[in-house]
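J.: One structure is given below, represented as structure tokens, and several questions about it will come after.
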Amino acid sequence: MKKIWLTFTGILCIALAITLVACSTTTESQTTDYNIGPASQADDAKQVSSSVVHTNGSERIDGATEHIGDTSGLYGVWEGTIEAGGASILLQFAIAPDETGDYQAKLTIPQQMTANLPCSSMTIDAEAVTIAFDYLDTSLSLRMDNAQMPQRLTGIYRQGGEYPLTLNKTELDPLTFNRRPQDPISPYPYICEDITFPQMIDQFTMAGTVTRPDDDQKHPAVVLISGSGSQDRNEELMNHRPFLVLADALTRAGYAVLRYDDRGYGLSEGNPLTATTLEIADDASSALDWLKGQPYVDVSRLFAIGHSEGGIIAPILASYRNDLAGIVMLAGTGVPGKTISLYQSKAINMAAGIPEEITDLLNSLSDRMFSIATDTSKTEEQRMAELLDVVQNSPEQVRPMMKAAVAGLPQLFQPWQQTFLTLDPATYLRQVAIPVLVLNGDKDFQVPADLNIPAITRAIEESSHPDYKVIVYENLNHLFQPCKTGMMNEYYQIETTIAPQVIDDIIQWLDNVCGTSN
């Protein structure tokens with residue numbers, strides 16, 4: 001997941017707001033400026049990928065554990081606080097055995113809306129416990145108060161410094177800790193298999209989970225496509241697992257469903273750093289190719305459901321594949337990323353109480369800088385020099401904000417960002433000749449409905465066979481959660497993962513397109 005800091009104002013949108021379109025966005029703790037844990041969970045995907053293994057659709061940790069003697073007393077959820085940056089930060093560690101019997105730990109930091117970070121390794125030796133999160137440059141050295149039945153672990157937390165830490169055992173169960181109400185609980189009334197499939201264009205292996213009805217019939221099938229940023233097959237963010245919930249509901253309704261780890265994340269190979277939306281669409285296309293080759297799939301009823309950036313990828317696929325029966329756009333965009341970023345920036349700044357004249361000035365400067373950054377007729381060095389010139393010569397009342405954005409300017413030259421800013425979804429929507437379901441929440445701050453829905457419908461109307469249905473839900477956010485404001489800092493606090501009505505509407509629409517009730 002990409003991280004967004006909501007304390008930014010004005011021109012910081014240049015460097016950062018371009019990532020807001022991702023459903024995979026986290027937010028800064030509103031109580032502290034000190035960050036413990038990753039800059040983002042998915043930005044470190046390439047480093048943590050070998051530590052996470054999915055079995056039967058659920059997550060376990062695969063980092064090696066060395067231990068001597070009985071470790072059963074460590075089972076549980078342990079919590080304690082460190083003092084850092086003038087704030088007390090609560091750390092929670094869920095410790096439980098994996099399928100091999102080795103004990104592993106997952107880290108949750110509620111203040112930073114971060115959950116279930118898997119350890120890279122855990123060593124247990126007599127009364128000592130060492131836990132490492134290599135991808136965070138973090139480790140803990142702890143001692144048990146009692147080797148047989150410990151109730152307290154005392155030691156040092158290391159991340160950019162050393163912090164005394166005492167962990168006390170709670171009454172919480174690590175196997176149900178952080179579970180959301182809609183998370184399905186195994187055993188499931190359907191078949192759940194972990195699989196791999198080839199990414200044919202760039203020649204690497206993707207990994208995912210397929211769920212299907214437990215019978216010998218052929219069923220309509222769905223591929224789920226996640227939003228931007230590296231995400232696992234469950235599209236986990238803010239301790240929610242939208243694709244786990246959606247796949248469960250679809251499979252219970254009679255559909256075979258494939259969800260997969262994004263390239264370079266979890267068990268999927270590939271390099272996410274050089275991939276644009278178009279290359280990520282190739283990954284989804286390979287998923288469709290694999291799924292349609294399975295004996296339990298009715299190839300005449302094949303669907304792609306995409307969320308956020310996945311909502312852009314679905315029509316990209318439909319523009320050139322002739323084997324799709326329909327697509328679902330969940331909070332997908334209808335305008336270029338540049339337009340989205342400027343719109344988001346103004347909305348967020350106005351909500352933060354920044355005067356409209358300052359917001360308009362900042363947006364004007366942002367617009368100019370986006371144009372400079374995407375002018376490929378010039379070298380990157382030339383464009384960077386022009387961007388810095390805009391910053392240095394910006395009006396005095398916004399110059400401090402402009403200078404604060406300088407460190408983030410190189411992000412604008414990353415392949416994904418360059419494509420995001422310029423790619424126009426309408427180009428592909430005009431080529432879609434199959435049924436389309438378009439869903440959005442009216443409190444979606446990341447992909448605002450009032451900006452994107454009209455653009456989407458206009459483009460589809462210009463296609464050769466317009467066939468679409470649009471639903472905009474009241475008081476739902478970018479994740480389709482019932483919300484108050486729609487701002488990202490609510491995502492973690494809301495217990496609902498996806499509003500049930502949204503799931504029902506998706507299934508009903510799929511059934512209608514399939515011409516049958518599954």
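J.: Looking at the range 409-419, is at least one residue more than 25 Å from A352 (Cα to Cα) and either of a type in the set (V, I, T) or touching a Cys at 6+ places or on another chain (Cβ under 8 Å) (or both)?
T.: Residues of the range 409-419 more than 25 Å from A352 (Cα to Cα): 410, 413-419.
From the residues that got through so far, the ones that are either of a type in the set (V, I, T) or touching a Cys at 6+ places or on another chain (Cβ under 8 Å) (or both) too are 419.
Yes, some residue in the range 409-419 is more than 25 Å from A352 (Cα to Cα) and either of a type in the set (V, I, T) or touching a Cys at 6+ places or on another chain (Cβ under 8 Å) (or both).
J.: For the range 218-243: of the residues being basic (K, R) and open to solvent by 10 Å² or more (accessible area, probe 1.4 Å), which is nearest to G310 (Cα to Cα)?
T.: Let us first name the residues in the range 218-243 that are basic (K, R), namely 218, 233, 241.
Narrowing further to those that are open to solvent by 10 Å² or more (accessible area, probe 1.4 Å): 218, 241.
On the way: K218: 26, R241: 16 Å.
Across the range 218-243, the extreme among qualifying residues is R241.
J.: Still on this model: The conditions are (1) over 25 Å from I82 (Cα atoms); (2) part of a loop (DSSP other than H, G, I, E, B); (3) not hydroxyl-bearing (S, T, Y), and L224 fails exactly one of them. Which is it?
T.: Single failed check for L224: (2).
J.: Now for a separate question. How do the pairs read when you match residues in the range 87-115 that are farther than 20 Å from E236 by Cβ and among the polar types (S, T, N, Q) with residues anywhere that are at pLDDT 95 or above and open to solvent by 10 Å² or more (accessible area, probe 1.4 Å), using Cβ under 9 Å and keeping only pairs 6 or more apart or on different chains?
T.: Here the result reads S88/T81, each pair linking the range 87-115 to a residue that is at pLDDT 95 or above and open to solvent by 10 Å² or more (accessible area, probe 1.4 Å).
J.: Taking the criterion of being polar (S, T, N, Q), in contact (Cβ under 8 Å) with a residue 12 or more places away in the chain, assigned to a helix (DSSP H, G or I) and under 26 Å from I460 (Cα atoms), would at least one residue in the range 287-307 satisfy it?
T.: The first filter runs over the range 287-307 and keeps only residues polar (S, T, N, Q), leaving 294, 300.
Next, from what is left, pick out any that are in contact (Cβ under 8 Å) with a residue 12 or more places away in the chain: 294, 300.
Restricting the remaining residues to those that are assigned to a helix (DSSP H, G or I) gives none.
Checked the range 287-307: no residue is polar (S, T, N, Q), in contact (Cβ under 8 Å) with a residue 12 or more places away in the chain, assigned to a helix (DSSP H, G or I) and under 26 Å from I460 (Cα atoms).
J.: Considering only residues that are over 18 Å from P110 (Cβ atoms), open to solvent by less than 90 Å² (accessible area, probe 1.4 Å) and over 30 Å from the mean Cα position of the chain (by Cα), which ones fall in the range 146-167? Steps first, please.
T.: Start the filter on the range 146-167 by keeping residues that are over 18 Å from P110 (Cβ atoms), which leaves 146-156, 158, 160-162, 164.
Now narrow it down to the ones that are open to solvent by less than 90 Å² (accessible area, probe 1.4 Å): 146-147, 150, 153-156, 158, 160-161.
Once the filter is applied, which keeps residues that are over 18 Å from P110 (Cβ atoms), open to solvent by less than 90 Å² (accessible area, probe 1.4 Å) and over 30 Å from the mean Cα position of the chain (by Cα), the range 146-167 yields N146, A147, P150, L153, T154, G155, I156.
J.: When residues of the range 253-271 are filtered for being out of contact with any Phe, Trp or Tyr (no Cβ under 7 Å at 6 or more places or on another chain) and either under 16 Å from N116 (Cβ atoms) or not acidic (D, E) (or both), how many remain? I'd like the intermediate steps shown before the answer.
T.: Residues of the range 253-271 out of contact with any Phe, Trp or Tyr (no Cβ under 7 Å at 6 or more places or on another chain): 253-255, 257-258, 260-267, 271.
Subsequent filtering for residues that are either under 16 Å from N116 (Cβ atoms) or not acidic (D, E) (or both) retains 253-255, 257-258, 260-261, 263-267, 271.
Counting residues in the range 253-271 that are out of contact with any Phe, Trp or Tyr (no Cβ under 7 Å at 6 or more places or on another chain) and either under 16 Å from N116 (Cβ atoms) or not acidic (D, E) (or both) gives 13.
J.: Hey, among the residues in the range 365-382 that are of a type in the set (S, T, Y) and over 29 Å from the mean Cα position of the chain (by Cα), which one's farthest from T422 (Cα to Cα)? Full working, then the answer.
T.: Step one: of the range 365-382, the residues of a type in the set (S, T, Y) are 366, 371, 374, 376-377, 379.
From what is left, the residues that are over 29 Å from the mean Cα position of the chain (by Cα) are 376-377, 379.
On the way: T376: 11, S377: 14, T379: 17 Å.
Taking the candidates together, the pick is T379.
J.: Mind listing just one residue for me: the one in the range 452-463 that is in a helix (DSSP H, G or I) and not small (G, A, S) and, of those, nearest to the chain's Cα centre (by Cα)?
T.: Looking only at the range 452-463, we keep the residues that are in a helix (DSSP H, G or I), and these are 452-461.
Those still in the list that are not small (G, A, S) too: 452-454, 456-458, 460-461.
Details: N452: 20, I453: 22, P454: 26, I456: 23, T457: 26, R458: 28, I460: 27, E461: 31 Å.
Looking at the filtered set, the residue picked out is N452.
J.: Mind checking which residues of the range 168-209 are hydrophobic (A, V, I, L, M, F, W, C), surrounded by 18 or more Cβ atoms within 10 Å (Cβ to Cβ) and not in a loop (DSSP other than H, G, I, E, B)?
T.: Going residue by residue through the range 168-209, those that are hydrophobic (A, V, I, L, M, F, W, C) are 172, 175, 177, 185, 191-192, 195, 197, 200-201, 204, 206-207.
Filter once more, so that each one left must be surrounded by 18 or more Cβ atoms within 10 Å (Cβ to Cβ): 177, 192, 197, 206-207.
Across the range 168-209, the qualifying residues are C192, F197, M206, A207.
J.: Moving on. What is the residue count in the range 209-226 for residues that are out of contact with any Gly (no Cβ under 6 Å at 6 or more places or on another chain) and under 21 Å from L273 (Cβ atoms)?
T.: 0
J.: Can you find even one residue in the range 407-416 that is more than 26 Å from L317 (Cβ to Cβ) and without any contact (Cβ under 8 Å) to a residue 40 or more places away in the chain? Let's see the steps before the verdict.
T.: Residues of the range 407-416 that are more than 26 Å from L317 (Cβ to Cβ), as a first pass: 407-413.
Within this subset, residues satisfying the condition of being without any contact (Cβ under 8 Å) to a residue 40 or more places away in the chain are 410.
Scanning the range 407-416, I find at least one residue that is more than 26 Å from L317 (Cβ to Cβ) and without any contact (Cβ under 8 Å) to a residue 40 or more places away in the chain, so the answer is yes.
J.: Still on this model: If you check G101, G73, which single one turns out to be open to solvent by less than 60 Å² (accessible area, probe 1.4 Å), modelled with pLDDT under 85 and either in contact with a Pro (Cβ under 7 Å, 6 or more places away or on another chain) or under 30 Å from I195 (Cβ atoms) (or both)? Write out each step before concluding.
T.: Values: G73 fails: modelled with pLDDT under 85.
Every option except G101 fails the conditions.
The values are calculated or read from the model by the stated rules, or taken from the named source; none is laboratory data. Remember, it's a predicted structure, so these values are computed and weren't measured experimentally. No Cβ is skipped: glycine too gets one built from the backbone with ideal geometry, and neighbour counts run over all protein chains shown. Surface areas here come from the heavy atoms of the whole protein model, side chains and all, with no ligands, DNA or RNA. Shrake-Rupley method; radii C 1.70, N 1.55, O 1.52, S 1.80 Å.
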